[in-house]
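The block underneath contains the structure these notes are about, expressed in structure tokens.
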Amino acid sequence: MIIKTVLFLAILLGLGVWIETSSFAAFLRGEAVYEGKDYSQAMKFFQKAASGGNPYAEFYIGVEYEMGQGVSMDYPEALNWYQKSVAHGCKDAQKRIEILKRKMAGAK
């Protein structure tokens with residue numbers, strides 16, 4: 001049992017994943033609901049997870065705002081969430097920022 005606990009903690013720390021378990025649980029639930037295409041419900045779980053500093057929840061919130069999934073499309077709001085995600089360690093969000101900035105420049 002101790003070995004499993006140590007391995008689990010090592011994996012979490014090695015991946016740079018947040019430690020807040022309620023944030024983690026909310027993120028996992030949000031991800032499952034998102035995959036089922038219930039974007040409004042997913043947003044609620046992602047917001048809860050993001051309030052705990054979860055960078056991947058912040059990333060998904062950015063995606064929902066960028067794509068207009070469960071919320072009105074809002075590029076500036078998406079950019080805000082992607083920037084938070086990057087600040088908390090999600091490298092994938094940086095790619096979305098670059099794509100989004102090109103979209104925003106083309107929309108002017």
*Cα to Cα, under 23 Å, and not fewer than 8 places away if on the same chain: which lysines meet these conditions relative to Lys101?*
Lys84, Lys91
_With the crude spin-label approximation of a point 7 Å out along Cα→Cβ, what separation in nm comes out for Ala25 versus Val71?_
2.4 nm
*asked:* Can you give the local net charge around Ile99? Use residues other than it whose beta-carbon is closer than 12 angstrom to its beta-carbon, Lys and Arg +1, Asp and Glu -1.
replied: +2
*Given the alpha-carbon gyration tensor of the stretch 21-106, what are the semi-axes of its equivalent ellipsoid in whole angstrom, ordered largest first, with each equal to the square root of 5 times an eigenvalue?*
20, 15, 9
_Stretch gain in nm, segment Ala32-Gln83, where the contour uses 0.36 nm per residue and the Cα spacing is subtracted_ = 16.0 nm
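Since every read-out is calculated from the coordinates, none of them should be taken as a lab result. In this text, all values refer to a predicted model and were calculated from it rather than measured experimentally. As a convention, Cβ positions derive from the backbone with ideal geometry for all residues, glycine included, and neighbour counts pool all protein chains shown.
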